[in-house]
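Peer 1: Please read through the structure below; I'll follow up with questions.
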Amino acid sequence: MNNKDFGFSSSQIERKRSAFRVKSMMGKISHALALFMIVSILVPVIAFGATLGIKSYTYDKTTGNVTATVYSDVYDNVSGAVYLNVYTPDLHLLKKAYMTDYTNTETVNGVTYYNFTFNTGITAKVYDAVYLSGQYSSTVSSRVYATDANPDVPGCTSYCGGGGYGGGGSWIPPVAGTTISVPMTGEVNEDTLKNALASNVNVELTLSGDIALLPASALVDAVGKAGSTITVRSDNGTYMLPLTILDLNTLAQSLGIPLKDLKIKVSITKLTGDSAAAVTSAATSIGAKVITDAVDFNVIALGPGDKTTSIDFGKTYVSRSINITNTVDTKSVTGVLYNETTKKLSFVPAIFEVKDGKTVATLKRNGNSIYTVVEMNKNFTDTAFHWSRDDVSLLANKLVIDGMTDTTFAPDLSITRAEFAALAVRSLGLILNITTTATFSDVEASDWYATTVATAAKAGIIEGYEDGSFKPNAQITREELAAMIVRTMNYAGLKSNLSDSQQHALLSKFSDSNNIVWAQKEIATAIDAGIINGLTDTTIGSSNQATRAEAATMLKRFLSKAGFIN
């Protein structure tokens with residue numbers, strides 16, 4: 001950051017102070033408690049033309065904790081060059097933060113960054129804001145007090161960096177840090193969020209309640225930057241929202257409002273009472289046990305008068321996480337979605353990790369819903385000694401595959417095109433909410449697979465024949481299965497860039513590769529990804545009918561490759 005960032009010349013910087021206001025993100029307080037905490041930053045013996053500024057800061061009025069990074073280009077890493085005084089509005093000194101409060105310093109290109117953390121020690125009182133003021137003299141103390149009388153300079157009245165203390169000054173919008181505290185109301189300050197996103201790829205919002213209201217005007221620049229993410233964290237869970245999924249102009253138009261009035265509402269709400277009991281009942285009905293809270297993760301567009309519209313995630317899988325109290329066996333637990341309409345649970349891609357001594361389930365899906373984690377121990381009598389036993393048991397516990405009965409799987413039985421389409425849709429965590437069945441001429445609305453086939457077709461997983469049929473009950477070949485798997489991979493974001501020569505090299509290992517009718521590229525891609533192996537070392541068996549065990553094993557490999565299970 002240079003002098004131009006502040007709107008002052010070097011000579012003006014010599015004379016001026018920069019007052020920074022860090023608003024408390026802990027909700028509204030009564031006027032009776034609306035005192036202000038004033039923090040002055042003093043830099044002794046600052047040379048002519050020096051620059052002093054604040055890179056980032058946070059203030060928690062509940063704990064009294066202050067963190068900040070202050071920078072100066074005067075000296076290279078001079079300990080004690082910056083210190084803090086904490087004042088009440090009547091200029092009573094409450095706290096002096098010495099250089100021992102700095103956690104470390106770092107010098108980059110002649111600019112020294114001072115990182116400090118300290119507690120004000122005054123949590124018995126409630127302070128609505130923190131002011132940070134820079135002073136370029138060791139002989140004059142900079143003290144700022146405020147009554148919110150001046151609309152142009154928030155928090156300032158007769159004095160804001162000028163007056164009897166000399167030098168003059170102006171209030172400057174802060175450069176926010178990577179973490180922003182959000183009050184119970186959910187309101188996020190537009191300038192704070194915009195500034196944070198301008199200098200950080202990921203900005204974290206820490207919720208006091210269940211919601212965050214993001215001003216769309218603060219997101220305009222960030223939505224066009226690859227990788228820009230807002231992580232919303234609360235006691236109920238964490239939501240990692242990629243900003244590239246937000247088409248702000250379209251959302252505003254759909255609500256009939258200007259962009260400046262649009263907000264993105266992110267909510268992370270733990271289910272309680274009858275709602276939580278319904279999720280538990282759904283798990284019990286399939287022999288599963290709920291092992292963590294059910295949480296409703298939701299992102300919508302919001303306008304004045306509580307106008308709302310949904311947000312289309314497209315094919316983008318958005319991560320959200322839930323903490324689990326106990327350690328888990330990843331082979332027997334799965335993330336699930338609870339459908340409030342059907343009252344049933346379905347598989348959600350999920351990874352389980354131990355972080356800071358806690359098990360964290362990260363669930364991935366391209367939509368909103370209610371999520372939890374369940375534990376199962378499903379095995380089949382006819383796979384006990386079968387080569388596919390582990391993969392079949394794993395996917396049964398993940399709710400991706402079903403048995404032919406409660407106790408049998410029939411691993412060597414062939415599988416139909418409709419049956420595998422259903423497995424592919426489940427593996428992606430897609431909700432079956434498509435009502436049309438006109439996609440194929442031989443799929444009737446009354447067929448059990450009608451909605452599944454329509455969903456798979458919309459997702460680009462399946463294609464029909466030239467005559468407009470799908471042949472749902474035909475036995476699927478290994479060639480067709482490989483093609484569906486690769487399309488499922490594409491939907492999940494796993495793209496292949498095999499060249500013609502690479503494709504030829506992969507297929508030439510198999511003596512029967514010339515029997516592949518049309519899916520040469522798809523089979524080569526599946527081989528390259530480790531999804532499909534040959535029937536033998538020298539044969540691929542593309543025209544052979546695929547079995548239920550083969551389908552389960554290929555799906556398991558896909559889910560692992562995509563990072564959808566571990």
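Peer 1: For the structure I just gave you, tell me whether Leu395 is of a type outside the set (Gly, Ala, Ser), out of contact with any Cys (no Cβ under 9 Å at 6 or more places or on another chain) and under 22 Å from Tyr491 (Cα atoms).
Peer 2: So Leu395 fits the description; yes.
Peer 1: Got at least one residue in region 345-358 being at positive phi and not hydroxyl-bearing (Ser, Thr, Tyr)?
Peer 2: Of the residues in region 345-358, the ones at positive phi are 356-357.
Remaining after also requiring not hydroxyl-bearing (Ser, Thr, Tyr): 356-357.
For region 345-358, residues at positive phi and not hydroxyl-bearing (Ser, Thr, Tyr): present.
Okay, residues lined up against (1) hydroxyl-bearing (Ser, Thr, Tyr); (2) touching a residue at least 24 places away in the same chain (Cβ under 8 Å); (3) under 24 Å from Ser285 (Cα atoms):
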site: Asp356; (1), (2), (3): no, no, no
site: Gly367; (1), (2), (3): no, yes, no
site: Tyr371; (1), (2), (3): yes, yes, yes
site: Ser388; (1), (2), (3): yes, yes, no
site: Val400; (1), (2), (3): no, yes, yes
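Peer 1: Determine if region 516-533 includes at least one residue that is open to solvent by 10 Å² or more (accessible area, probe 1.4 Å), touching a residue at least 60 places away in the same chain (Cβ under 8 Å) and among the aromatic types (Phe, Trp, Tyr).
Peer 2: Scanning region 516-533, I find no residue that is open to solvent by 10 Å² or more (accessible area, probe 1.4 Å), touching a residue at least 60 places away in the same chain (Cβ under 8 Å) and among the aromatic types (Phe, Trp, Tyr), so the answer is no.
Peer 1: Quick one: would you say Asp391 is in contact with a helix residue (DSSP H, G or I) (Cβ under 6 Å, 6 or more places away or on another chain), in a helix (DSSP H, G or I) and not hydrophobic (A, V, I, L, M, F, W, C)?
Peer 2: yes
Peer 1: I would also like to ask the following. Which one of these is modelled with pLDDT of 95 or more and aliphatic (A, V, I, L, M): Leu555, Leu498?
Peer 2: Result: Leu555 is the single residue among Leu555, Leu498 that is modelled with pLDDT of 95 or more and aliphatic (A, V, I, L, M).
Peer 1: Continuing with this model, one more query. State all residues of region 344-364 that are among the polar types (S, T, N, Q), under 25 Å from Ile311 (Cα atoms) and open to solvent by less than 40 Å² (accessible area, probe 1.4 Å); if no residue qualifies, say none.
Peer 2: Scanning region 344-364 gives a single hit, Thr362.
Peer 1: Check off (1) of a type in the set (D, E, K, R); (2) farther than 25 Å from Leu413 by Cβ; (3) touching a residue at least 12 places away in the same chain (Cβ under 8 Å) for Asp500 and give me the number that stays unchecked.
Peer 2: Condition (3) is where Asp500 drops out.
Peer 1: Taking region 212-227, which residues are crowded, with 20+ Cβ neighbours inside 10 Å and within 29 Å of Thr372 (Cβ to Cβ)?
Peer 2: Going through region 212-227, the residues crowded, with 20+ Cβ neighbours inside 10 Å turn out to be 212, 214-216, 218-219, 222.
Result: Ala212, Leu214.
Peer 1: Can you run down the residue pairs with Cβ atoms below 8 Å, 6 or more apart or on separate chains, where the first is in region 315-339 and closer than 15 Å to Thr238 by Cα and open to solvent by less than 20 Å² (accessible area, probe 1.4 Å) and the partner is among the β-branched types (Val, Ile, Thr) and not in a strand (DSSP E or B)?
Peer 2: Val318/Ile245; Ile322/Thr292; Ile324/Ile291; Ile324/Thr292
Peer 1: Looking only at region 474-492, decide whether some residue is surrounded by fewer than 23 Cβ atoms within 10 Å (Cβ to Cβ), within 27 Å of the chain's Cα centre (by Cα) and of a type in the set (Ser, Thr, Tyr).
Peer 2: yes
Peer 1: Return the residues of region 365-386 that are over 18 Å from Ile291 (Cα atoms) and open to solvent by 30 Å² or more (accessible area, probe 1.4 Å); say none if nothing qualifies.
Peer 2: Asn368, Asn379, Thr381, Asp382, Ala384, Phe385, His386
Peer 1: Got at least one residue in region 270-286 being touching a helix residue (DSSP H, G or I) at 6+ places or on another chain (Cβ under 6 Å), open to solvent by 40 Å² or more (accessible area, probe 1.4 Å) and either farther than 22 Å from Ser208 by Cα or modelled with pLDDT of 95 or more (or both)?
Peer 2: no
The values are calculated or read from the model by the stated rules, or taken from the named source; none is laboratory data. Because the structure is a prediction, the values reported are computed rather than measured. Quick reminder, even Gly has a Cβ in these numbers, built from the backbone with ideal geometry, and neighbours come from all protein chains shown. To get the accessible areas, we keep the full protein, side chains included, count just its heavy atoms, and leave off ligands, DNA and RNA. Shrake-Rupley method; radii C 1.70, N 1.55, O 1.52, S 1.80 Å.
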